[in-house]
Amino acid sequence: TLAAITAVLAVTNADFCSGGYNSSGSYANSPDGTIIDMLVRNKIGLENFVWPTVRYYFSGCSAEDPFLFIHDYQHDLANATSRIDDVTAVLQTNLVSLCGRDFSQIETLIATVSQNMIILGQSATAALSLLSCHRISPIYKSLIHEGMCQQSVTGAVWIFSSFLVIAWNGMIMLMLRSSLYENEAVDLFSKEEEFLSENGASSVCDASQRSHFV
């Protein structure tokens, strides 16, 4: 049973690594084609960033970066932070002297906004670092291409062969186990008489009839 399960899993793994039905080009005969074919057939991510992201990682970072909007977001945050700093400088130098009023509360609010802008910028940088193609693509290729489609094949062959040898040896042991013991003659009629005497009955065979069975 274990050998059969291993064989089924090995065939499934080989089918996954052989590429999708409509895969072509660099995705042919590879698990990349199978994954892309699954996305296309189920219409997953074709109208959002999932499809460009998959192509970006599969191509080894040569396709268009789908996270360019995060870079634009970082640029906008940097501009906003710079303008907030300019407003703070104006409050501290010009308005205080011209208006003669205390703008400390406004300065505190602006400082809080500026700090939040800095935190957002740091979060965007961390997100780009986490989603970096140079970080994700090697992990994917090592796990899927090397581990699942290369090394697992050798492992499946060894597991299947081991289970097959164990099953064969087990069958041989079951067939030949009787040869390990000496033959023992069993007097069936004595066993019968013992059983019948315990239950108060008599045997259906007399002594002359028993001689034909001995």
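The values are calculated or read from the model by the stated rules, or taken from the named source; none is laboratory data. What you see is a predicted model; the values in this text were computed from it and never measured. Positions of Cβ are generated from backbone atoms using ideal geometry, with glycine treated the same way; all protein chains shown enter the neighbour counts. For the accessible areas, the whole protein counts, side chains as well, though only heavy atoms, and no ligand, DNA or RNA atoms are used. Shrake-Rupley method; radii C 1.70, N 1.55, O 1.52, S 1.80 Å.
Below are the figures for this structure:
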item: Top-ranked residue of region 125-140 - restricted to ones that are without any contact (Cβ under 8 Å) to a residue 60 or more places away in the chain and over 30 Å from Thr81 (Cα atoms), ranked as most open to solvent (accessible area, probe 1.4 Å); result: Ile139
item: Residue under evaluation Glu47, criteria (1) surrounded by fewer than 15 Cβ atoms within 10 Å (Cβ to Cβ); (2) at pLDDT 80 or above, criterion not met; result: (2)
item: Check on Gln122, open to solvent by 100 Å² or more (accessible area, probe 1.4 Å) and at pLDDT 85 or above; result: yes
item: Hits in region 51-79 - residues which are under 24 Å from Gly121 (Cα atoms) and in a loop (DSSP other than H, G, I, E, B); result: Cys61, Glu64, Asp65, Pro66, Phe67
item: Subset of region 74-93 (residues that are under 51 Å from the mean Cα position of the chain (by Cα) and hydroxyl-bearing (Ser, Thr, Tyr)); result: Thr81, Ser82
item: Residue in region 5-16 that is among the small types (Gly, Ala, Ser), open to solvent by less than 30 Å² (accessible area, probe 1.4 Å) and either modelled with pLDDT of 80 or more or in contact with a Phe, Trp or Tyr (Cβ under 9 Å, 6 or more places away or on another chain) (or both) present; result: no
item: Qualifying residue in region 31-50 (condition: of a type in the set (Val, Ile, Thr) and in a loop (DSSP other than H, G, I, E, B)); result: yes
item: Any helices (runs of 4 or more DSSP H) falling wholly within region 126-214 and containing at least 2 residues that are at pLDDT below 70; result: 188-198, 207-210
